[in-house]
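Read through the structure below, which is laid out as structure tokens, and then see the notes.
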Amino acid sequence: MGEDNAFYYRIQSQVVMIEFDHHKGVVLNNPTPEKFHVHTIVRNGNDYGIDLLRLHYETAASGRVTCTLRSRECLCRQAPSGSVSWPPRSRYCCRSAWLARKISQKTYVMKLSTSTLNDAPHQFIKDFGAAAERDSGGRIKAEVYPSGQLGSIPRQVEGVQFGSIEGLVMPPEFMVGVDERFEVMAAPGLVDSFDHAQRVAADPAVWKLMLGLGATKGLHGVGLIMSQPSSVISKAGIRHLADFKGKKIRIFASQFQTEAFNRLGAKPVAMSLGDVLPALQQGAIDGANAGIGPFVSFHFVDAAKYVTEINQPAIFMMLEVSQKWYGSLPKDLQEIVDRDGAAASAAMGPVAPAMFSEQRKAWQNGGGEVISLPQDEQSAMMATLSNVGADVAKSKPAVLDAYQIVADAAQRTR
């Protein structure tokens with residue numbers, strides 16, 4: 001090849017494609033490729049450049065690709081040798097068709113995070129991920145990360161808001177920093193059983209309220225369930241209401257829980273789940289409020305053997321996906337995500353209480369003790385806590401309106 005000859009070259013890898021090409025004239029008047037007429041292309045890994053060529057090899061063997069830009073078929077063919085040829089004037093039409101098909105076949109990774117392991121929230125998120133993969137035909141690829149692998153609870157929430165994590169399952173109280181109305185499900189006495197809680201969660205007014213709370217803050221709600229009733233783990237054992245007095249008890253990040261434990265005479269301390277076990281071991285707290293599931297899965301029995309079932313408030317779990325990620329999905333995949341979130345929520349109705357029963361047995365079989373307050377003291381506790389929700393909400397108009405929605409639903413579904 002002489003110095004005056006036109007030429008073409010391409011550098012291609014998984015992360016970049018660079019093309020340099022001498023062209024014949026389209027606007028210019030050179031009938032053959034000349035060195036003064038240069039076209040260049042640089043595409044990085046976030047572009048469709050590399051994938052377009054691969055998609056051509058995968059789809060063009062059928063002989064025709066439907067063009068989405070014109071009401072005819074492109075005549076893109078694959079030669080018997082495996083090399084690619086484009087008929088005159090059809091090259092860019094074919095590439096447009098490949099691009100449209102590529103978008104429809106793109107795989108969307110959905111990283112799903114939760115702080116617990118082998119309990120109802122973990123099962124909830126696994127079922128949702130599996131359903132989304134199945135119903136999308138593999139276009140959504142779910143990756144489940146339990147045990148807080150993707151960070152503490154606040155970091156998980158931020159990750160979903162900003163799009164670095166596609167979805168999470170956690171108690172709504174931990175999202176009060178996004179919208180303080182998230183805490184209304186934590187009102188003591190709101191529900192009185194698993195069945196009642198699931199009816200409240202599925203109530204259309206509650207569903208619309210709770211799933212829509214984070215819409216302007218990067219969250220898109222797709223599911224809501226009751227996971228477990230509340231239990232308090234402690235080193236000394238809480239057998240009577242008087243035993244709460246003066247004790248430092250870990251709570252969820254909610255004014256509803258703060259007020260409830262203040263009324264019991266305890267000293268509430270909001271804390272992320274990952275910090276609870278070392279805090280118990282080091283004596284920084286005397287006990288912790290949570291579901292019994294994490295106590296079993298994370299071997300809390302090594303630090304504290306006593307679990308007192310106070311049963312209130314019910315611990316709800318919300319399934320949230322990133323609004324940023326959700327907005328990037330084609331319409332049909334958005335519908336699948338919403339539909340499968342609702343289906344997974346309904347399916348957890350019988351699963352959550354069954355897992356709770358198994359975990360109570362596992363706690364006892366592992367050397368722990370399950371304690372119930374005397375019936376008269378349990379009743380006295382409920383009388384003390386029954387108006388926590390209304391009292392906390394009354395000074396906050398938006399929270400009061402939200403609380404009224406869930407309280408009305410609870411009354412309707414009793």
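The values are calculated or read from the model by the stated rules, or taken from the named source; none is laboratory data. The shown structure was predicted, so the numbers you read here are calculated from the model rather than taken from an experiment. Because the Cβ atoms are built from the backbone with ideal geometry, glycine has one as well, and the counts that use them run over all protein chains shown.
Might you let me know whether the stretch 239-262 holds any residue that is more than 22 Å from residue 306 (Cβ to Cβ), under 26 Å from the mean Cα position of the chain (by Cα) and acidic (Asp, Glu)? Scanning the stretch 239-262, I find no residue that is more than 22 Å from residue 306 (Cβ to Cβ), under 26 Å from the mean Cα position of the chain (by Cα) and acidic (Asp, Glu), so the answer is no.
Residue-by-condition table, conditions (1) aromatic (Phe, Trp, Tyr); (2) exposed (fewer than 14 other Cβ atoms within 10 Å of the Cβ); (3) touching an Asp or Glu at 6+ places or on another chain (Cβ under 6 Å); (4) in a helix (DSSP H, G or I):
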site	(1), (2), (3), (4)
348	no, no, no, yes
351	no, no, no, yes
367	no, yes, no, no
378	no, no, no, yes
390	no, yes, no, yes
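When the stretch 132-191 is limited to residues that are among the aliphatic types (A, V, I, L, M) and out of contact with any strand residue (DSSP E or B) (no Cβ under 8 Å at 6 or more places or on another chain), the one that is surrounded by the fewest Cβ atoms within 10 Å (Cβ to Cβ) turns out to be 176. Contact annotation: residue pairs with Cβ atoms under 8 Å, 6 or more positions apart or on different chains, pairing a residue in the stretch 168-186 that is without any contact (Cβ under 8 Å) to a residue 60 or more places away in the chain with a partner that is surrounded by fewer than 24 Cβ atoms within 10 Å (Cβ to Cβ) and basic (Lys, Arg), are 178/217; 179/217. Among the candidates 210, 271, the residue that is touching a Lys or Arg at 6+ places or on another chain (Cβ under 6 Å) and within 26 Å of residue 402 (Cα to Cα) is uniquely 271.
The set of residues in the stretch 149-163 being of a type in the set (Gly, Ala, Ser) and either at pLDDT below 95 or in contact with a Lys or Arg (Cβ under 8 Å, 6 or more places away or on another chain) (or both) consists of 151, 152, 163. Residues of the stretch 293-325 that are under 26 Å from residue 186 (Cβ atoms), in a helix (DSSP H, G or I) and assigned by TED's automatic domain parsing to the domain that holds residue 215: 323 alone. Contact annotation: no residue pair with Cβ atoms under 7 Å, 6 or more positions apart or on different chains, pairs a residue in the stretch 347-358 that is over 18 Å from residue 128 (Cα atoms) with a partner that is at pLDDT below 95.
The number of residues in the stretch 109-131 being over 27 Å from residue 253 (Cα atoms), surrounded by fewer than 17 Cβ atoms within 10 Å (Cβ to Cβ) and in contact (Cβ under 8 Å) with a residue 40 or more places away in the chain comes to 1.
In this structure, does residue 139 turn out to be out of contact with any Gly (no Cβ under 8 Å at 6 or more places or on another chain), over 25 Å from residue 198 (Cα atoms) and at pLDDT below 95? So residue 139 fails the test. Can we say residue 281 is in contact with a helix residue (DSSP H, G or I) (Cβ under 7 Å, 6 or more places away or on another chain) and polar (S, T, N, Q)? In short, no. Find all pairs meeting these conditions: Cβ atoms under 7 angstrom apart; at least six residues apart or on different chains; first residue within the stretch 191-206 and assigned by TED's automatic domain parsing to the domain that holds residue 354; second residue of a type outside the set (Ser, Thr, Tyr) and at pLDDT below 95. From residues that are assigned by TED's automatic domain parsing to the domain that holds residue 354, the pairs are 196/414.
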